[in-house]
Every structure is written in C-alpha cells, then in structure tokens.
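Trainee: Submitted below is the structure of interest, expressed as structure tokens.
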Amino acid sequence: MERPYIICHMLTSLDGKITGDYLEEERTAYFIDEYEKIHERYGCKAWMCGRITMEEHFTFGHKLDLTHENIPTIPRTDFIAKTDTKSYVIAVDPSGKLGWTKNYISEWNENRTEDHIVEVLTEQVSDAYLDHLQKIGISYIFGGKEQLDFTIVVQKLKKLFSIDQLMLEGGGVINGSFLNEGLIDELSLVLVPIADGSSNSLTLFEASSHIQKTKPVNFDLKAIEKMDNGGLWMKYVTRKE
Ligand SMILES: NC(=O)c1ccc[n+]([C@@H]2O[C@H](COP(=O)([O-])OP(=O)(O)OC[C@H]3O[C@@H](n4cnc5c(N)ncnc54)[C@H](OP(=O)(O)O)[C@@H]3O)[C@@H](O)[C@H]2O)c1
C-alpha cells in the first residue's frame with residue numbers, strides 16, 4: 001500500500017456521540033482509561049487528530065504571539081525535523097493555529113508518550129508560523145494549497161516518516177473527511193453504555209464544509225469484546241466495494 005493502514009479509534013455513547021455530558025459521568029472515566037489502553041495496545045507508529053481536538057486536549061487553547069517583523073518568505077515545502085523517533089502525533093491544522101511550544105506531545109498530556117509532532121498545513125499558513133515550527137523543531141507537511149487532500153497527506157506520512165499504521169482519533173469533522181475519502185480501513189469503537197440524549201453533541205462522523213457529497217460506507221464486524229461495566233469494544237473493517 002502506498003499509504004498507511006488507517007484505524008479510526010473512538011469512544012462513543014450508545015447514541016453515537018463523541019462529545020456531550022455523558023463524558024463527565026463518573027462511570028465514563030473507566031472507559032476513557034480503557035480507550036487509552038487500547039491505543040497503547042495497537043502500538044501504531046502514529047496517531048492523528050483535528051485542530052479542535054488538539055486544542056481541547058493538548059495545547060489547551062494556548063495562543064502564540066508571532067507578531068515579529070522581517071520574517072522572510074519561507075518556501076511551502078515539507079520540513080522534516082526528526083525521523084529517528086519511535087512515534088509521531090499528526091496534527092491537522094490547515095492554517096497554523098495550534099500554540100505548540102515543544103516538539104513532542106507528552107509535554108502537553110501525560111497520557112501520551114514522547115511522540116514527535118508533525119503539523120499538516122495548507123499553503124495559506126503564515127511565514128511566521130512556519131518560522132516558529134522550524135525554530136522549535138516541529139516537522140510539517142503540506143496537504144494542499146487551500147484545501148487539504150488527505151490521500152496526499154497519508155501518502156506523504158508513509159513516504160517521509162515510514163508510517164505503516166496510523167490511528168485516526170477524531171474529532172467528528174476529520175473522521176468524516178477520512179470516511180468520505182475512503183481512507184478508513186478499520187474502526188475501533190469503545191461503546192459506553194450511556195445514551196447522551198443531546199441533539200447538539202457531535203457524532204462519530206460529521207459532514208462539514210470540507211465535504212461536497214456524503215455517501216454511506218459499509219463495514220464488517222471483525223471482533224467484539226465485552227468490557228467491565230457494561231461496555232463493548234467493537235472492531236470493524238471497511239468492506240471494500
Ligand atoms: N469521543 C472520542 O473518542 C473523541 C476523540 C477525539 C475528539 N473528540 C472530541 O471531538 C471534538 C472536536 O471534534 P470536531 O469535529 O469539532 O473537530 P476536529 O475534527 O478535532 O477538528 C476539526 C478541525 O480540523 C481541521 N480539519 C479537519 N478536517 C479538515 C479538512 N477536511 N480540511 C481542512 N481542515 C480540516 C479544521 O481546522 P481549522 O478550523 O483550523 O480550519 C477543522 O476545524 C472535541 O470536543 C473532542 O473532545 C472525541
């Protein structure tokens with residue numbers, strides 16, 4: 001395969017919500033913990049999240065002050081800061097909003113290891129942001145001029161970083177784009193036995209302005225495990241039409 005095998009690993013309520021008040025219930029803490037253990041168990045070399053998830057769980061909304069002057073134009077070519085690392089985290093951040101100050105993730109969230117950060121950008125990003133990433137040693141790749149083409153992005157991840165297995169870990173918007181581009185090979189779902197019941201919580205796969213037309217995608221059940229506390233871990237593989 002020219003691209004990594006892609007596993008979408010997510011935690012949902014009984015009504016398919018990935019956000020909502022059910023995440024704050026005492027009972028859910030056990031499942032969040034199990035979700036992290038399954039992440040480890042897969043042992044993928046890389047995992048990926050959208051900008052909003054990264055901001056919520058990793059950079060915690062930290063903003064950079066990049067109002068320096070005299071930043072020369074930086075060519076829009078991929079920048080590889082590190083390839084001798086065990087694992088990578090891939091941040092989909094088309095216009096360069098994430099306020100990273102270190103080039104590895106454990107600095108931001110103790111649940112994760114020293115994964116080296118790779119930013120996925122469009123050419124619309126500012127020179128100041130590229131300069132900042134270079135200075136702190138964060139790798140970046142371009143996925144398009146104005147819009148991201150994830151097929152190109154994942155091919156680059158394989159070619160430039162030898163990533164053979166990628167774990168896609170939300171949120172709903174990025175998952176929806178991958179589903180739509182036929183880029184999900186496997187779905188790993190931790191099902192929490194609570195119905196969220198809210199209509200404005202996000203679902204597993206969201207439609208967005210990035211997608212012109214949605215289409216249903218078929219999956220086949222690969223494995224199912226009963227968890228303590230009434231939950232399920234379900235593994236599905238995408239049916240290749
Ligand atoms: N339950 C779970 O297992 C789980 C896992 C992960 C996340 N979550 C939750 O999901 C929520 C966030 O989900 P979300 O759907 O709002 O956001 P998201 O998918 O995390 O991030 C969306 C952002 O990523 C960039 N992006 C994603 N797809 C793109 C595309 N096709 N083209 C260009 N840019 C793209 C855009 O950034 P810009 O806006 O900068 O252009 C977009 O706004 C959080 O509350 C998080 O806690 C839950």
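The values are calculated or read from the model by the stated rules, or taken from the named source; none is laboratory data. Source: prediction; values computed, not measured. Neighbour counts are summed over all protein chains in view; Cβ atoms, including those assigned to glycine, are modelled from backbone coordinates with ideal geometry. Note: areas computed on protein heavy atoms with side chains; ligands, DNA, RNA excluded. Shrake-Rupley method; radii C 1.70, N 1.55, O 1.52, S 1.80 Å.
Trainee: Quick one: divide the alpha-carbon radius of gyration of the chain by 2.2 N^0.38 Å and tell me what you get.
Mentor: Normalised by 2.2 N^0.38 Å, the Cα Rg of the chain equals 1.02.
Trainee: Also: Just how large is the dipole of the stretch 34-97 about the Cα centre, in debye to the nearest 20, putting +1 at every Lys and Arg Cβ and -1 at every Asp and Glu Cβ?
Mentor: So the dipole magnitude of the stretch 34-97 works out to roughly 200 debye.
Trainee: Using a simple charge model, +1 on the beta-carbon of Lys and Arg, -1 on the beta-carbon of Asp and Glu, nothing else, what dipole does the chain show about its Cα centre, in debye to the nearest 20?
Mentor: About 780 debye.
Trainee: Take GLU181, GLU241 and sort them by solvent-accessible surface of the protein heavy atoms, 1.4 Å probe, largest at the top.
Mentor: Sorted by accessible area, descending: GLU241, GLU181.
Trainee: How far apart, in nm, are the 7 Å Cα→Cβ label points at SER198 and ASP78?
Mentor: It works out to 3.9 nm between the two label points.
Trainee: Right, next: Which three numbers, in whole Å and largest first, are the semi-axes of the equivalent ellipsoid of the stretch 47-163 derived from its Cα gyration tensor as √(5λ)?
Mentor: Working through the eigenvalues yields semi-axes of 19, 18, 14 Å.
Trainee: Kindly provide the helix-only [θ] at 222 nm of the chain, computed as the sum of -39,500 (n - 2.57) over DSSP H runs of four or more divided by all residues, to the nearest 500 deg cm²/dmol?
Mentor: When only DSSP H runs of four or more count, the value is -6000 deg cm²/dmol.
Trainee: Here is a follow-up. Figure the gain on full extension for THR113 and GLU36 (residue separation times 0.36 nm, minus the Cα-Cα span) and round it to one decimal in nm.
Mentor: 26.6 nm
Trainee: Given R₀ = 51 Å, what would the calculated FRET efficiency be for ILE152 paired with ARG27, taking r from the Cβ atoms and rounding to 0.05?
Mentor: 0.80
Trainee: Show me the ranking of peptides 217-228, 112-123 by mean Cβ neighbours inside 10 Å, starting with the highest.
Mentor: Per-residue mean Cβ counts within 10 Å order the peptides as 112-123, 217-228.
Trainee: Place a +1 charge on the Cβ of each Lys and Arg in the stretch 47-163 and a -1 charge on the Cβ of each Asp and Glu, then give the dipole magnitude about the Cα centre in debye, rounded to the nearest 20.
Mentor: Result for the stretch 47-163 is approximately 340 debye, rounded to the nearest 20.
Trainee: In whole percent, what relative contact order does the chain give with Cα contacts below 8 Å and a gap of six or more residues?
Mentor: 30 percent
Trainee: Specify which residue in the list TYR35, SER95, SER201 is farthest towards the positive end of the charge dipole of the chain, using unit charges on the beta carbon of Lys, Arg (+1) and Asp, Glu (-1), about the Cα centre.
Mentor: Looking along the dipole axis, the top candidate is SER95.
Trainee: Any of LYS45/LYS213; LYS158/LYS235; LYS135/LYS159; LYS17/LYS240; LYS45/LYS145 with alpha carbons more than 30 Å apart? Name them for me.
Mentor: LYS45/LYS213
Trainee: Still on this structure: Which net charge results when you count Lys and Arg as +1 and Asp and Glu as -1 among the other residues whose beta-carbon is under 13 Å from that of ARG112?
Mentor: Its environment carries a net charge of -4.
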